[in-house]
Amino acid sequence: MVDTNTRHFQHLVDISKGEINREMFSDPDIYQQELKQIFARCWLFLGHVSQLPNENDFFTAYMGEDPVIVTRHSDGQLGAFLNMCRHRGNRVCRADSGNQRLFTCPFHGWTFANSGHLKTVPGYKQVYHEKLDMEAHGLIPVARIDDYKGMIFATFDENAPALDEYLGDMAWYLDMAIDRREGGIEFLPGTHKWRIKCNWKFPVDNFIGDSYHGPVSHGSAWEVGFEGMPRRKKGYGYEGFQINAGNGHGFGVRWAENEDQIYEMALPEFLSYEEERFPETHARLGDLRGMHLSPMHGSIFPNFSILWQSGNMRVWHPRGVGETEGWSWCFVDKKATPEHRDLVRVHDLQRHGTSGTWEQDDVDNWVQSTLSSRGYVGRQVKQNLSMGVEHEISDPKSIHPDMRGRIAGFQNEINQRQLYAQWARMMDGAAPNVSGANV
Ligand code: FES
Ligand SMILES: [Fe+2]
């Protein structure tokens with residue numbers, strides 16, 4: 001249902017032409033609506049259960065611009081709470097992570113349990129005269145928290161669909177990252193964080209479907225030979241698919257006809273591990289997900305992205321209309337050898353760390369594209385997402401009988417168009433699962 005307090009946003013997005021209005025990258029009012037209609041209503045990625053291995057472990061995160069504490073209670077249950085004291089609103093927990101039963105606000109000392117309950121208040125008898133309602137002043141919990149195979153998501157919307165429904169077909173495809181070996185994945189320790197002077201939607205667009213920029217933006221990184229190249233260079237950039245999984249989620253894949261082609265596409269330093277893990281992945285996920293599809297990049301609406309080949313996941317936290325804070329983690333199969341873990345870590349740092357070769361290329365593009373949306377004249381010119389607008393593949397089953405979602409060739413902006421279609425629907429008040437898999 002359309003919230004009558006909001007502006008109507010569909011007119012900013014023309015999917016049939018592949019055009020969007022650049023105001024969405026620079027208008028502070030639109031940004032405030034995004035916090036309300038998107039970030040306060042979607043399931044947002046918080047982290048991985050491997051970051052909370054023990055009872056009373058916690059880490060801090062963000063949902064939109066709202067800081068949260070994510071906890072594992074002594075009964076093992078996951079919880080997430082607004083990291084905001086109920087007295088003056090001070091941030092209760094300043095640490096990135098740790099192990100605590102209690103959080104004491106550093107302002108006046110109100111103390112909360114990791115279940116959210118307000119436990120003690122200095123001067124409860126003497127200055128509050130035992131009148132303060134302790135039950136009513138606990139930390140504000142998220143409406144719902146859940147995990148999909150260890151991936152923790154939460155939402156502030158009590159009317160949100162179940163997480164499985166929200167992820168839809170994307171969960172099935174996400175298994176290619178998180179369920180390819182027994183035991184799933186874990187995050188390597190540490191979170192990389194950095195600020196980018198760009199609107200948050202540019203990196204989401206880049207990761208969901210921009211296979212187009214690779215050979216140009218990252219051409220110099222490849223040419224100087226700083227990093228290993230897959231052996232299968234011929235035709236690089238044009239073989240594969242963009243897969244839209246519905247609800248604004250999507251990703252890009254290379255296609256392997258057989259096992260040998262997987263190894264041709266592997267980064268040289270990962271080759272021996274690819275050979276080790278392939279039979280197990282194939283047995284678990286079958287031909288389509290376990291062999292043919294080699295996912296490269298993807299985004300889960302609204303602000304969670306994955307780089308499959310590099311073992312990297314990241315969230316794009318909005319920080320005002322013109323600024324974004326990237327949080328990035330390195331992930332590996334739990335069964336990965338110590339040698340492979342270290343190779344993934346080094347590869348990820350060199351390529352996608354805050355000063356990584358590829359990261360610097362990408363960030364500059366997003367900053368410049370944001371800046372061009374600030375000028376009055378530039379803002380009047382539509383942004384173009386028309387690539388392959390009439391060249392989607394009409395029957396995904398013609399590619400493979402198990403294929404789900406809506407697909408197009410590897411160089412096609414279908415995923416960006418569907419990202420902004422979902423953005424417009426939600427900005428106008430629609431529920432996040434209203435698009436289904438094939439709209
Ligand atoms: S703001 Fe937290 S105790 Fe006062
Ligand atoms: Fe890039």
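No lab work stands behind these numbers, since they all come straight from the coordinates. Small disclaimer: the values here were computed from a predicted structure and weren't measured. FYI the Cβ positions are ideal-geometry reconstructions off the backbone, even for glycines, and counts take in every protein chain you see.
Length available on full extension from LEU371 to VAL216: 0.36 nm per residue minus the Cα-Cα distance, which gives 53.7 nm.
Answer rounded, prolate or oblate for segment 1-74, using the Cα gyration tensor with square roots of eigenvalues a ≥ b ≥ c: rounded when a/c is under 1.5, else prolate when a/b is larger than b/c, else oblate. Prolate, since a/c reaches 1.5 and a/b exceeds b/c.
Of the GluC sites (Glu not before Pro) found in segment 254-286, those in coil by DSSP whose Cβ has at most 16 other Cβ atoms within 10 Å are GLU257. Taken along its three principal axes, the alpha carbon spread of segment 296-439 comes to 48, 47, 28 Å, from the longest extent down to the shortest.
The alpha carbons of segment 80-155 give a radius of gyration and a Dmax of 13.9, 49 Å, in that order.
Among ILE145, LEU132, PRO161, which residue has its Cα furthest toward the positive end of the charge dipole of segment 38-168, with +1 on Lys/Arg Cβ and -1 on Asp/Glu Cβ? Sorting the options by dipole projection puts first LEU132.
Give the relative contact order (percent, whole number) for segment 1-73; include only Cα pairs under 8 Å separated by 6+ residues. Don't skip to the answer; put the middle values down first.
On the way: 53 pairs, mean separation 13.5, N = 73.
Here the relative contact order equals 18 percent.
Once both labels are positioned 7 Å from their Cα atoms along Cα-to-Cβ, the gap between VAL127 and ALA40 label points is 3.1 nm.
Would you please state which residues of segment 252-284 a label at ASP342 would reach in this model, taking the label point 7 Å out along Cα→Cβ and a backbone N cut-off of under 17 Å? Flagged as within label range: 269-273. Extension gain, ASP75-ARG319: 0.36 nm per intervening residue step, less the Cα-Cα distance, totals 84.4 nm. Computed over segment 124-186, the percent of Cα pairs more than 18 Å apart is 57.
Pick out, in residue order, every one of the GluC sites (Glu not before Pro) in segment 351-421 that is DSSP loop and has at most 15 other C-beta atoms within 10 Å; say none if there are none. List each step's numbers first, then the result.
Values: sites: GLU359, GLU390, GLU392, GLU413; in loops: GLU390, GLU413.
Filter output for segment 351-421: GLU390.
With an a/c value of 1.5 or above and a/b larger than b/c for the gyration tensor axes a ≥ b ≥ c computed over the alpha-carbon atoms, segment 96-215 is described as prolate.
Based on alpha carbons, the Rg and Dmax found for segment 238-362 are 15.5, 47 Å. Computed from the C-beta positions of THR120 and TRP194, the FRET efficiency with R₀ = 35 Å rounds to 0.40. Annotation: for a label point projected 7 angstrom from Cα along Cα→Cβ of GLN360, residues of segment 329-352 with backbone N closer than 14 Å are 350-352.
What FRET efficiency do you get for LYS149 and GLN380 if R0 is 41 Å and r is their Cβ-Cβ distance, rounded to the nearest 0.05? Mind dumping the intermediate values first?
Working: r = 45 Å, r/R0 = 1.10.
Plugging the Cβ-Cβ distance into 1/(1 + (r/R0)^6) gives 0.35.
Give me the Debye-computed log₁₀ of I(q)/I(0) at q = 0.06, 0.07, 0.14 Å⁻¹ for the chain, equal point scatterers on Cα only, no solvent, two decimals. Once normalised to I(0) and log-transformed, intensities are -0.26, -0.35, -1.37.
Comparing VAL253, VAL332, VAL381 in a Gaussian network model of the chain where C-alpha atoms under 10 Å apart are linked, the largest mean-square fluctuation is found at VAL381. Full extension of the segment from VAL434 to GLU280, taken as 0.36 nm per residue of separation minus the current Cα-Cα distance, would add 51.9 nm.
Plugging the Kirkwood radius over Cα pairs into Stokes-Einstein for segment 320-361, at a temperature of 25 °C and a viscosity of 0.890 mPa s, what D comes out in µm²/s?
Working: Rh = 11.7 Å.
After rounding, the answer is 209 µm²/s.
Look at the alpha carbon pairs under 8 Å that are at least 6 residues apart: their mean separation over the length of the chain gives a relative contact order of 23 percent.
Report, in deg cm²/dmol and to the nearest 500, the calculated mean residue ellipticity at 222 nm for the chain, where each DSSP H run with n ≥ 4 adds -39500 (n - 2.57) and the sum is divided by the residue count. All intermediate terms of the calculation are to be shown ahead of the outcome.
Working: 12 runs with 112 residues, N = 439.
Rounded to the nearest 500, the figure is -7500 deg cm²/dmol.
Taking every C-alpha pair closer than 8 Å and separated by at least 6 residues, the mean separation divided by the residue count of segment 95-217 gives a relative contact order of 11 percent.
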